[in-house]
Amino acid sequence: MKLVFATHNKNKFKEVRQLLPTSIQLVSLTDIGCYDEIPETGKTLEANAQIKVDFITKNYGLACFADDTGLIVDALNGEPGVYSARYAGDQKSAEDNMNKLLLELKHKNNRSAKFQTVIALNLNHKTIFFNGIVKGVITTEKQGEKGFGYDPIFIPLGYNKTFAELPLAIKNKISHRGKAIEQLVAHLKVLINT
């Protein structure tokens, strides 16, 4: 089965590739020659994921899944949420986003947060959603060199290291994206075996 993962993010693609069965030929937007900037104009994670898969299905006629992820910080009334990727501006700089978030939390005692990933799968003229959440806390400074996005400032509950310090195998098991992908994989395996 050939399946498009609607992303250009090489780190994200690598994470997801490791989680899918080898019977699925996973390709990225780059692989199918899609360089369009797909506008993420939705007000929710679900809406943004839906926009991306609908664009690929309509324009390329391929089975596709897309994710949208938000970091939801309690002390900031759920910000940055759906705007996580462009929290500090349209340049979508992870460094700028982290710096802005750390500044916003500088005088806050409550540092609890959660990551949420929503995956939309367009397959056989149907859309199915999968959802993954991981709770944790925001650090006071960046820690670790691995990962991407907000990973250097997020410590998942039950751990004393950030996502950027944890080995990828552990991160994949406990992360928001890992949980959503696990549901996606279970669904795809049922389809493959029927």
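The set of residues from segment 56-76 being surrounded by fewer than 19 Cβ atoms within 10 Å (Cβ to Cβ) and not in a loop (DSSP other than H, G, I, E, B) comprises T57, K58, N59, Y60, D74, A75, L76. Would you point out the residue of segment 165-178, among those that are modelled with pLDDT of 90 or more and surrounded by fewer than 21 Cβ atoms within 10 Å (Cβ to Cβ), that is farthest from G136 (Cα to Cα)? Filtering segment 165-178 for residues that are modelled with pLDDT of 90 or more and surrounded by fewer than 21 Cβ atoms within 10 Å (Cβ to Cβ), the one farthest from G136 (Cα to Cα) comes out as P167.
Counting only residues that are closer than 18 Å to F163 by Cβ and among the acidic types (D, E), segment 77-109 holds 1 of them. In segment 50-94, which residue that is more than 14 Å from the chain's Cα centre (by Cα) and among the hydroxyl-bearing types (S, T, Y) is farthest from K2 (Cα to Cα)? Ranking the candidates gives Y87 first. Exactly one residue out of G144, G149, G132 is small (G, A, S) and out of contact with any Asp or Glu (no Cβ under 8 Å at 6 or more places or on another chain), and it is G149.
Conditions tested, residue by residue: (1) not in a strand (DSSP E or B); (2) not β-branched (V, I, T).
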| position | (1), (2) |
| --- | --- |
| M98 | yes, yes |
| N109 | yes, yes |
| Q116 | no, yes |
| F130 | no, yes |
| V134 | no, no |
| E141 | yes, yes |
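Selection of segment 32-52 for residues being more than 28 Å from M98 (Cα to Cα) and either crowded, with 17+ Cβ neighbours inside 10 Å or among the acidic types (D, E) (or both) yields only C34.
Residue-wise test of (1) at pLDDT 95 or above; (2) closer than 27 Å to I153 by Cβ.
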site: G42; (1), (2): no, yes
site: A47; (1), (2): yes, yes
site: T69; (1), (2): no, yes
site: I72; (1), (2): yes, yes
site: A75; (1), (2): yes, yes
site: Q116; (1), (2): yes, yes
site: L121; (1), (2): yes, no
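Mind checking which residues of segment 136-157 are touching a helix residue (DSSP H, G or I) at 6+ places or on another chain (Cβ under 8 Å) and among the small types (G, A, S)? Of everything in segment 136-157, those that are touching a helix residue (DSSP H, G or I) at 6+ places or on another chain (Cβ under 8 Å) and among the small types (G, A, S) turn out to be G144, G147, G149. Comparison of I138, I192 shows that the only residue that is touching a Lys or Arg at 6+ places or on another chain (Cβ under 8 Å) and either crowded, with 19+ Cβ neighbours inside 10 Å or in contact (Cβ under 8 Å) with a residue 24 or more places away in the chain (or both) is I138.
Among the residues of segment 103-114, some residue qualifies, meaning at least one is among the acidic types (D, E) and more than 20 Å from the chain's Cα centre (by Cα).
The values are calculated or read from the model by the stated rules, or taken from the named source; none is laboratory data. Predicted model, so just to flag it, every value in this text is computed and none were measured. Counting neighbours? That spans all protein chains shown, and the Cβs are built from the backbone with ideal geometry, glycine included.
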